[in-house]
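Data first, discussion second: the structure below is written as structure tokens.
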Amino acid sequence: MVYPKDVSRITGKSERYGRKLLRTIKEANDKEAHQFVSLEEFSNYTRLPIELIKEHIID
């Protein structure tokens, strides 16, 4: 699962940007607001390698 704070760490942008990006990814994947964005979905949308994403995510 990817959280707004993770997006902030990966992109260097604000958590507010992270929330907006995750909302956009959810819409692109026909997900509801309560559903989570997976690493794969985030990677596919941003075209970033999963390994790079995993480096910035804190469990």
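Considering only segment 20-38, how many residues are surrounded by 15 or more Cβ atoms within 10 Å (Cβ to Cβ) and part of a helix (DSSP H, G or I)? Result for segment 20-38: 4. On inspection, Ile58 fails the criterion of being in contact (Cβ under 8 Å) with a residue 40 or more places away in the chain, of a type in the set (A, V, I, L, M, F, W, C) and in a helix (DSSP H, G or I). Scanning segment 39-48 for residues that are part of a loop (DSSP other than H, G, I, E, B) and within 14 Å of Met1 (Cα to Cα) turns up nothing.
Any read-out appearing in this document is the output of simple, stated calculations on the displayed coordinates, not a laboratory observation. It should be emphasised that the depicted structure is a prediction, and the values quoted were computed from it without experimental measurement. Because the Cβ atoms are built from the backbone with ideal geometry, glycine has one as well, and the counts that use them run over all protein chains shown.
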